[in-house]
1. Between Y10 and A56, how many nm apart are label points set 7 Å from Cα along the C-beta direction?
2. Charges only on Cβ, +1 for Lys and Arg, -1 for Asp and Glu: so what's the dipole of segment 34-98 about the Cα centre, in debye to the nearest 20?
3. Provide the per-residue ³J(HN,Hα) series for segment 15-21, in order, calculated from phi with Karplus coefficients 6.51, -1.76, 1.60 and θ = phi - 60°, each as a whole number of Hz, with x at glycine and proline positions.
4. Counting only other residues whose beta carbon sits under 13 Å from that of S81, what net charge do I get with K and R as +1, D and E as -1?
5. For H28 paired with Q89, estimate the spin-label separation in nm (one decimal), with each label point 7 Å from Cα along the Cα-to-Cβ line.
6. Restricting to DSSP loop positions (anything but H, G, I, E, B) with no more than 12 other Cβ atoms inside 10 Å of their own Cβ, which chymotrypsin sites (Phe, Trp or Tyr not before Pro) remain in segment 19-68?
7. At 7 Å along Cα-to-Cβ for each site, give me the label-to-label distance between D35 and Y18 in nm.
Amino acid sequence: MDSRIPYDDYPVVFLPAYENPPAWIPPHERVHHPDYNNELTQFLPRTITLKKPPGAQLGFNIRGGKASQLGIFISKVIPDSDAHRAGLQEGDQVLAVNDVDFQDIEHSKIIIAKRSGLCTRVAAHSPSCGLNQ
């Protein structure tokens, strides 16, 4: 007995129309070409300084830590907070706070560091910067 499916029983699939790839642009012409983003500073870590009065909130929440093995990320920035006005964004990775490396730190130690001190210097990096724009 033949176990093959008859040709007429296969589903019909419609593919989108073919689109030609963009024209190749020589590297020396890409610097000033509007289709190329040559602004690399948006991918570099930036330092954000937040001043925290006693009893006040910094205006952001974090997720992650050593247990998750993913690093520390900003999960929420409260609108019109000091963190929002300073440029902190949801999805930013916190690399360091007050010169303390946050790339391999426990979440509980971060909360203590976040609550103490009058001035917080956050070195942040946006891994998805430029992808959604």
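1. With each label placed 7 Å out from Cα toward Cβ, I get 6.8 nm.
2. Around 380 debye, computed over segment 34-98.
3. Using θ = phi - 60°, the values come out as 9, x, 4, 5, 10, 5, x Hz.
4. So the surrounding residues net to +1.
5. That separation, rounded to one decimal, is 3.4 nm.
6. Listed in order of number, the matching sites are W24, Y36.
7. With each label placed 7 Å out from Cα toward Cβ, I get 1.8 nm.
Values quoted throughout were computed directly from the atomic coordinates according to the rules given, and no laboratory measurement underlies them. Remember, it's a predicted structure, so these values are computed and weren't measured experimentally. Backbone-built Cβ (ideal geometry, glycine too); neighbour counts: all protein chains shown.
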